[in-house]
1. Answer yes if at least one residue in region 190-199 is of a type in the set (D, E, K, R) and surrounded by fewer than 17 Cβ atoms within 10 Å (Cβ to Cβ), and no otherwise.
2. Checking Thr407 against (1) open to solvent by 50 Å² or more (accessible area, probe 1.4 Å); (2) closer than 22 Å to Ile133 by Cα; (3) in contact with a Lys or Arg (Cβ under 7 Å, 6 or more places away or on another chain), which single condition isn't satisfied?
3. Cβ-Cβ under 8 Å, sequence separation 6+ or interchain: first residue in region 352-380 and under 18 Å from Trp105 (Cβ atoms), partner modelled with pLDDT under 85 and loosely packed, with under 15 Cβ neighbours inside 10 Å. Which pairs?
4. Just to be sure, is Lys129 surrounded by 13 or more Cβ atoms within 10 Å (Cβ to Cβ), among the charged types (D, E, K, R) and out of contact with any Gly (no Cβ under 6 Å at 6 or more places or on another chain)?
5. Given the condition in a helix (DSSP H, G or I), within 29 Å of Leu261 (Cβ to Cβ), acidic (Asp, Glu) and open to solvent by 50 Å² or more (accessible area, probe 1.4 Å), answer yes or no: does some residue in region 374-387 qualify?
6. Inside region 121-239, counting only strands (runs of 3 or more DSSP E) that do not spill past its ends, which hold 3 or more residues that are of a type outside the set (Phe, Trp, Tyr) and either under 27 Å from the mean Cα position of the chain (by Cα) or at pLDDT 90 or above (or both)?
Amino acid sequence: MVKKTKLRDINIPRQNPEFFGNKQDIYIPYQAPEGVVGDSYNSVTVNDSLFFNQFHNFNVGNCPTTTLFEEGIGFPGYPYLAQLSLRGEYRIIIETRAEEATREWIRFKHIKKEGYDSSIINKIKAEFKRLNIQDLIKKSLCTEGYFGLVHLYIDLETANHDDEEKQAPLYLTSKKIRKGELRGFKLIDPTWATPVSYDTIDPFTEDFYKPSMWWVLGKKIHASRLITIISQPVPDILKPAYNFGGVPFAFMAKPYVDNWLRTRQSVSDLIKSFSTMVLKTDLSQLLSPGCEELTQRAALMAAYRDNRGLQIVDKETEELTNVATPLTGLAQLQAQAQEHMAAISGIPLVKLLGITPSGLNASSDGEIRCFYDRIAAFQETVLRQPLQKILEIIQLHLFGKIDPDITFDFNSLWQLDELQQSQVNMNIAKTMCDYVSNNILSLSQIKDLLENEDQSALFSFINLKK
């Protein structure tokens, strides 16, 4: 028996991507689909609606609104963004960024180098693995890339069937999150969530253009119970239009993907019909009423138009010629249109498209290093805060308290090959032996550092001892 859920009653309004209304529509607050907002909601006009008329005559970009959406500006709605996620060009951009940001993952460490129980770190590692946090963050980045934001719901046992508890603030204390209470984290598609209320009057309040409560399929959830990830934030005046999310990364790449698709199809059509046969004949005799003779002559010509066929023309009145379109430069034009997708995404061609540099001494190492630096900055600005909150919640779940000295670092994306790594290991081993023999470091200190696989901390500790 199939259980009928509330999802079946939700009707997402159909949107025409060719028309998005007039210019000021890019500032109008997002309208959630039916079923997302609960029955107790009273529609109240918020103060930011006072600003909309100011933009009525503001010609954004000096072009029509339809052109704005073609250029990846404005919010087209979640149904349209979901359609973009079905195309491979968008998926490879979004998923490459998500995979690289989570591929080498993180390593936990304790700020104090001495006197801490290393088993605590091991238990945290095991819990992260049990909850599959690495894969969860990767999926979250994919969803955020398509829609502009994503929510991770903190699923606690006390709030499982308690709607009032879900509306209460979640403080990171042992009284609110008791040991063994964490059930996990659930990814919530932004299509099913919209803010309940937010302040638009006092810019000094904490909830100024920052929702304190969210509707999630008719249920109120306090914002502190949601871990929201936004990588491309928008100005305050545009936040209501974007459902308090950011600019979808896929929609930003839309102009470049559209250019590539149009160029690819144009080149394909041109190659298919680059050669045209021209029959010079006496049309005055063929253009009789009904054009039966002209139609039959054209059909006869088309039937024999083949490299292995025999074309027959009248010796006196007809002449057959071939007009061919030059194909020189098409490869460069098509390649440039494809490479523009790498320009907006910041992903090297070898990573995004599998195209390796050509020519003498050509190498993509520099581009890859720059890309890894960009991903490292992305990890710090976008992923650091959500992962820190997850780490603190897991500590309360495991130990009933938060140790502020336990933190984490993102592992470097640039990895050495086997020969380079063996040389590094040999240098580390030689350095450790020298300092142990000179009583600078103890075996227990080195053991603690090696157990946490923290070579950078080992070198820092050695340099400090110098």
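The values are calculated or read from the model by the stated rules, or taken from the named source; none is laboratory data. Bear in mind the structure is a predicted one, so any value in this text is a computation, not a measurement. Note: ideal-geometry Cβ built from the backbone for every residue, glycine included; neighbour counts use all protein chains shown. Areas reflect the complete protein model, heavy atoms only, side chains present, ligands, DNA and RNA absent. Shrake-Rupley method; radii C 1.70, N 1.55, O 1.52, S 1.80 Å.
1. Within region 190-199, not a single residue is of a type in the set (D, E, K, R) and surrounded by fewer than 17 Cβ atoms within 10 Å (Cβ to Cβ).
2. Every condition holds for Thr407 apart from (1).
3. Correct list of pairs: Tyr372/Trp414.
4. When the stated conditions are applied, Lys129 does not pass them.
5. So far as region 374-387 goes, no, none of its residues is in a helix (DSSP H, G or I), within 29 Å of Leu261 (Cβ to Cβ), acidic (Asp, Glu) and open to solvent by 50 Å² or more (accessible area, probe 1.4 Å).
6. Per the criteria, 150-156, 182-188, 193-197, 219-222, 226-229.
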